[in-house]
1. So, in the range 158-187, how many residues would count as being in contact with an Asp or Glu (Cβ under 8 Å, 6 or more places away or on another chain) and either among the aliphatic types (A, V, I, L, M) or part of a loop (DSSP other than H, G, I, E, B) (or both)?
2. On the basis of being more than 25 Å from residue 182 (Cβ to Cβ) and touching a residue at least 40 places away in the same chain (Cβ under 8 Å), does residue 242 make the cut?
3. Among the residues of the range 167-179, what is the count of those that are open to solvent by less than 10 Å² (accessible area, probe 1.4 Å) and either of a type in the set (Val, Ile, Thr) or farther than 23 Å from residue 246 by Cα (or both)?
4. Name, by its number, the condition in (1) surrounded by fewer than 20 Cβ atoms within 10 Å (Cβ to Cβ); (2) touching a strand residue (DSSP E or B) at 6+ places or on another chain (Cβ under 6 Å) that does not hold for residue 222.
5. Identify, from the list 164, 158, the residue that is open to solvent by 50 Å² or more (accessible area, probe 1.4 Å), under 24 Å from residue 84 (Cα atoms) and touching a residue at least 24 places away in the same chain (Cβ under 8 Å).
6. Give me the strands (runs of 3 or more DSSP E) completely within the range 26-95, filtered to those with at least 1 residues that are aromatic (Phe, Trp, Tyr) and at pLDDT 95 or above, ordered by residue number.
7. Against the conditions (1) under 18 Å from residue 21 (Cα atoms); (2) open to solvent by 10 Å² or more (accessible area, probe 1.4 Å); (3) not aliphatic (A, V, I, L, M), where does residue 135 fall short? Just the number, please.
8. Going by what's in this entry, would residue 235 be described as crowded, with 16+ Cβ neighbours inside 10 Å and assigned to a loop (DSSP other than H, G, I, E, B)?
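The values are calculated or read from the model by the stated rules, or taken from the named source; none is laboratory data. What you see is a predicted model; the values in this text were computed from it and never measured. Positions of Cβ are generated from backbone atoms using ideal geometry, with glycine treated the same way; all protein chains shown enter the neighbour counts. Quick note on the areas: whole protein, heavy atoms, side chains included, nothing else; ligands and nucleic acids left out. Shrake-Rupley method; radii C 1.70, N 1.55, O 1.52, S 1.80 Å.
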Amino acid sequence: MAEAPLKIGIIGATGRGDYGHSLDIGAIQFGDGNVVAIADENAQGLQAAQKKLKVEKGYARYREMLEREKLDIVIIGPRWIDQHADMLLAAAQAGCHVYMEKPFCRTLAECDQVLREFEMRHLHIAIAHTAFYSPVTERVLEAIAAGEIGDVLELRGRGKEDQRGGGEDLWVLGSHVLGLMSLVAGCDATTCQATVLMQGKPITPKDVVEGNEGLGLIAGDQLAAMYQFANGLTGYFASKRDAGGSENRFALQIFGSKGIIELQTGYMQPAGILRDPTWAPYRSKKTWETITSGGINKPELERNTRYENAHTEALRDLAVAIREQRSPKCNGLMGRRITELIVAVYASQVSGKEVSLPLSERTNPLDAWKR
C-alpha cells in the first residue's frame, strides 16, 4: 500500500527573515507531501505567499496553524534566528517533524532544550545546510575515503568576508563552512583556541553589539579559530571584514598528504581537487580537476541544479528518515555541533585561553560582558 502524502505547513515571517532562502519554493516541488497551510503574522506577506504557492489556508499565528492542521512536517522559513527556538518548541509540542532555515539556535541552552523536546517525542529536525544534500558532497567524501588526497591532515575554511566579516560572518556564513568541517572530520571537536579583534585590537565589552537578523550579541571585525577534533584533525576558520573581494574564499579546503580538495557550500556547486602533495602547483606543474556529481573529471549528471532543489532534496531525505526511523543528513545534533563551534570562538576570546568542548556554559559568552 502506498504511503499517504505528508501534510506540510510553512511558517514565514515577512520582514523578519521572510521564508528564508526559498524554503517555500522547495516545498512545493516536493512530490511526497502537500503544503496545506501557511502561517505569517504579516497580512500582506501571508497573502502573497498563499498566492505564490497556491495554498488556500492561511494563519496569522503559527501556533494556531500547528494546533488545527495536525501536520506531519513544519517548515520553519525565517532566517532571523531569534525566532527559531520558540517555533521549534511549538512544533515539537504539536508532534511535527521540522525542516528549517539555518542557523539552528542562538545559544547552546536553546539547542539543548529543543533537542530534548524532539528526542523525547521521536521527532526529526533537518536543517538547510544545503551542501549536505548535494551529490557533489557525496563524491567528495568518497574521493577522500578512496585516498585521492592521501591522509587528511588539516581543514581550513573562511567566510565570505564582505561587510559582515568577523562576528556576523561567523554566524551566518561560517555556519555552512563549520558544518562541512564537522562532516569531513566525522567527529566532535574537543578544543577551540580563538582570537577576535576589532580594528586590529582584541575585543572589549565596548565592541559588543546586537547582531543583525536576531543573532544576539556579537563582536569583532576579524577572527581566527583553531579546532582540535577527537580523531586528531585540526580545523581552522577565519574571517576579516571587507577582505573577500569579488571572488571570495568562501569554502572548505581539505589538505591531505597527496593533495587538496576544495568543497564549496551550497547545492550542486562543483568541487575541485589538486592531486599534488606539495600543495604548490607552480612547483609541481599539477592542475586542478573538477569534481561533479558524476565524480572526478566526469560530466555533471544532475539537470536540476537550482538552489531551490536543495530544499526539495532535503525534504525527500527527511521523509525517508521519518519512514525508516533514521537521522536526516543534517540533523539537530549537527546543528548544535555547529552552534558550539561558533560559540566557542567567543568563549575562548572572553576567557583568554583554549576552551574544552563541549562547553560547560551554555549561554552566549558575550552576555556577561554586557551586564
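1. Number satisfying all stated conditions: 8.
2. For residue 242, the condition - more than 25 Å from residue 182 (Cβ to Cβ) and touching a residue at least 40 places away in the same chain (Cβ under 8 Å) - is met.
3. Here the count works out to 2.
4. (1)
5. The match here is 164.
6. Qualifying strands (runs of 3 or more DSSP E): 57-59.
7. Exception for residue 135: condition (1).
8. no
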